[in-house]
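Since every read-out is calculated from the coordinates, none of them should be taken as a lab result. Since this is a predicted model, take the numbers as computed values, not measurements. Neighbour counts are summed over all protein chains in view; Cβ atoms, including those assigned to glycine, are modelled from backbone coordinates with ideal geometry.
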Amino acid sequence: MKFFQLLKILLFGPKVTIDADEIRNIPEDISLEEVGEELKKTIKNLYGGRSLRIRAVDAGSSNAEEIEFTALNNAYYDIDRFGLTFVASPRHADMLFVSGPVTRNLETALKTTYEAAPNPCIVVAIGDGAIDGGIWKDSYAVVGGVEKVIPVHVKIAGDPPSPIQILRGVLQALNQKNF
């Protein structure tokens, strides 16, 4: 019997796609479209129609948050349609996404990146490590959370936070207007 099951998998392949019904059954409290439309309106009001440019800064993370950043650019989330764009230089950024606890080796690099960004620059600490150092906060190699090095406007908890939580945090940061 196992031989025929293996043969079926070899001939027809494993199931690698998700049914459309499974995608539609996303819990109601996670509404990507509502968050996206609110982001569009807010960005249009604040930036006059141009996109909000984000620079992601890794201050010593485990790359879990960076995987979620990558997910923001995939076909499902597609943050470009909401007016958000990742940029390669802090000189072009309106917002900094900082992930991971700030390690002693990257403390100066984080300060330099923040200073290179134009004012006002919104700083978002993403993940438990960026908020307070996470499980590494008492380590000799870690300075602590991002707030110990540069000012933080919004903290998004999670290890790592989901892409929808990140988008909600961006919306919260834009609505604060105290940056």
Task: Spin-label pair L32/A116, simplified geometry with 7 Å Cα→Cβ offset, distance in nm - done: 3.2
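Just add up the charged neighbours of V123: K/R +1, D/E -1, any other residue whose Cβ is under 13 Å from the Cβ of V123. Please list the in-between numbers first.
Numbers: positive: R55, K111, K148, K155; negative: D94, E115, E147.
Around V123, the surrounding residues sum to +1.
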Task: Net charge, R53 excluded, C-beta distance under 12 Å - Lys, Arg +1, Asp, Glu -1 - done: +1
Task: Under Karplus coefficients 6.51, -1.76 and 1.60, residue-wise ³J(HN,Hα) of the range 95-101 in Hz, glycine/proline x - done: 9, 10, 9, 10, 10, x, x
Task: Residues with amide H under 5 Å from that of S162, placed H, sequence gap 5 or more - done: none
Open item on the list: Once you place label points 7 Å from the Cα toward the Cβ at Y140 and A75, how far apart are they in nm?
Closed with: 5.0
Task: 3J(HN,Hα) from dihedral phi, the range 108-116, Karplus parametrisation 6.51/-1.76/1.60, rounded to Hz, x for glycine, proline - done: 5, 5, 5, 4, 5, 5, 4, 5, 6
- [ ] Write down the percent of antiparallel bridges among all DSSP beta bridges whose residues are both part of the range 81-179, to the nearest 5.
- [x] 20
Task: Residue order, fewest to most surrounding Cβ atoms within 10 angstrom, among S162, S62, S99, S89 - done: S89, S162, S62, S99
Task: Nonlocal amide H pairs with A56, under 5 Å, H built at 1.01 Å - done: V87, F97
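Order of 120-130, 165-175 by packing, highest average Cβ count within 10 Å first?
Values: 120-130: 24.7, 165-175: 20.3.
For the peptides 120-130, 165-175, the packing ranking is 120-130, 165-175.
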Task: Mean Cβ count within 10 Å, highest first, over the residues of peptides 45-53, 153-161 - done: 153-161, 45-53
- [ ] Could you tell me the distance between the Cα centroids of the range 113-142 and the range 32-98, to the nearest Å?
- [x] 17
